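Working notes, beginning with the structure itself.
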Amino acid sequence: MRETRLDLGDFVMPLFVCAGEGITQPLEGLPGIAQRSLDQLVDEIETMVALGVSAVLLFGIPEEKDEEASGAYDDEGVVQGALRELRGRFPDLVVATDVCLCEYTSHGHCGVVRGDEIDNDLSLDLLVRTAVSHAEAGADTVCPSDMMDGRIGAVRVGLDDAGFEQIPIVSYAAKYASAFYGPFREAAESAPAFGDRRGYQLDPANVREALRECELDVREGADALIVKPALPYLDVLRAVRERFELPVGAYNVSGEYAMLKAAARDGWLDERQAALESLTSVKRAGADFIVSYWTKELAEWL
């Protein structure tokens, strides 16, 4: 009689790949999650695939950063190298990539900075180069998360012109300027050096604005939409689900994961029960797929 069920096929595991060899750097804010060099990442994915995990989302941690985010679109970048290796080893694994500049810029913003402002249009050019480089290296899908205006249309044109018409775009269409990203910024080493991201991410108080952003991305060629974060925005997720026919996902972000981990560590709640209840609420609100740091553990729980 249960109306909503979790299935491992609903979940995508975020992974952080860094330069070097033999590196597994645990993350204090994300218990059980680590930055891994490619050799260690392969071992981790082998374990997850054996457990039944079918999809991962790659984030890159470059050895060096600069103002132009050159590591994001470098053919020899960490994500590009990981894609080529993973494609050969795990042909049935869905490998998605985060398309953003924040992990690669010296200032930590998601676009190119001129003075103290984001240059939206110049940022689009670099995002397109990044997406195309990921497709060339073997990505199954690209996931623009930067929230620059017009980026979905620009990436679609760029992919098509490069011969990748079949590569779908999963858009972070409703990405909020949230307090729940804190542990991720440690993981991706992407905290802004100045200011914040409220100029290009959504106001947490707004729902209609999120629907407008989704509508724009659908018109520009998005193949699926993501609401981020998940738990504080279940109403937004439901509104997006009811308005659009595209697949809709939610990102169960680092802060959502970390706060339950911390409470469980102190014995205040049962982690498994709380995680399953939280993730069920995301599915119940309308998510077709969920990006979650619990994916590996869910492979054992489910």
Test of understanding: among Gly9, Gly32, Gly22, which residue is in a strand (DSSP E or B) and among the small types (Gly, Ala, Ser)?
Gly32
Counting just the residues of the stretch 227-278 that are among the aliphatic types (A, V, I, L, M), farther than 15 Å from Phe180 by Cβ and out of contact with any Cys (no Cβ under 6 Å at 6 or more places or on another chain), which one comes out surrounded by the fewest Cβ atoms within 10 Å (Cβ to Cβ)?
Leu269
Within the stretch 276-300, the residues that are among the polar types (S, T, N, Q) and part of a helix (DSSP H, G or I) are Ser278, Thr280, Ser281, Thr295
So, of the residues in the stretch 64-88 that are open to solvent by less than 70 Å² (accessible area, probe 1.4 Å) and free of Cβ contacts under 8 Å to residues at least 40 places away in the same chain, which turns out to be farthest from Cys18 (Cα to Cα)?
Gly88
Can you list residue pairs whose Cβ atoms sit under 6 Å apart, with the first residue in the stretch 222-235 being under 14 Å from Glu256 (Cβ atoms) and the second being among the aromatic types (Phe, Trp, Tyr) and open to solvent by 10 Å² or more (accessible area, probe 1.4 Å)? Count only pairs 6 or more apart in sequence or on different chains.
Val227/Tyr233; Pro229/Phe180
Single residue of Thr97, Thr105, Thr47 found to be among the hydroxyl-bearing types (Ser, Thr, Tyr) and more than 20 Å from Ala19 (Cβ to Cβ)
Thr47
Could you say which residue among Gly52, Gly20, Gly9 is open to solvent by 30 Å² or more (accessible area, probe 1.4 Å) and touching a residue at least 60 places away in the same chain (Cβ under 8 Å)?
Gly52
Would you say Asp217 is under 27 Å from Glu165 (Cβ atoms), open to solvent by 50 Å² or more (accessible area, probe 1.4 Å), under 20 Å from the mean Cα position of the chain (by Cα) and in contact (Cβ under 8 Å) with a residue 24 or more places away in the chain?
no
If you go through the stretch 255-270 one residue at a time, how many are free of Cβ contacts under 8 Å to residues at least 24 places away in the same chain and over 23 Å from the mean Cα position of the chain (by Cα)?
7
Using the structure shown, decide if Ala274 is closer than 18 Å to Glu28 by Cα and of a type in the set (Gly, Ala, Ser).
no
Within the stretch 160-172, can one find any residue that is buried (at least 17 other Cβ atoms within 10 Å of the Cβ), assigned to a loop (DSSP other than H, G, I, E, B), of a type in the set (Ser, Thr, Tyr) and in contact with an Asp or Glu (Cβ under 6 Å, 6 or more places away or on another chain)?
no
From the list Gly71, Gly32, Gly88, which one is within 25 Å of Met147 (Cβ to Cβ), modelled with pLDDT under 95 and not polar (S, T, N, Q)?
Gly71
Based on what the data block shows, is Ser123 crowded, with 21+ Cβ neighbours inside 10 Å and polar (S, T, N, Q)?
yes
Would you please name the residue that is surrounded by the fewest Cβ atoms within 10 Å (Cβ to Cβ), looking only at residues in the stretch 136-158 that are part of a helix (DSSP H, G or I) and in contact with a helix residue (DSSP H, G or I) (Cβ under 6 Å, 6 or more places away or on another chain)?
Gly153
Scope the stretch 173-184; condition in contact with a Pro (Cβ under 7 Å, 6 or more places away or on another chain) and open to solvent by less than 40 Å² (accessible area, probe 1.4 Å); matching residues:
Tyr176, Ala177, Ser178
For the stretch 35-48 the number of residues that are open to solvent by less than 60 Å² (accessible area, probe 1.4 Å) and modelled with pLDDT of 95 or more is 9
Those residues of the stretch 231-251 which are in a loop (DSSP other than H, G, I, E, B) and touching a Leu at 6+ places or on another chain (Cβ under 7 Å) amount to Phe244, Leu246
Scanning the stretch 91-117 for residues that are modelled with pLDDT under 85, assigned to a strand (DSSP E or B) and surrounded by fewer than 20 Cβ atoms within 10 Å (Cβ to Cβ) gives Arg114, Glu117
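The values are calculated or read from the model by the stated rules, or taken from the named source; none is laboratory data. Quick caveat, the model's predicted, so the values are computed rather than measured. Cβ sites come from the backbone with ideal geometry, for glycine too, and all protein chains shown count toward neighbours. What goes into the accessible areas is simple: the full protein's heavy atoms, side chains included, and nothing from ligands, DNA or RNA. Shrake-Rupley method; radii C 1.70, N 1.55, O 1.52, S 1.80 Å.
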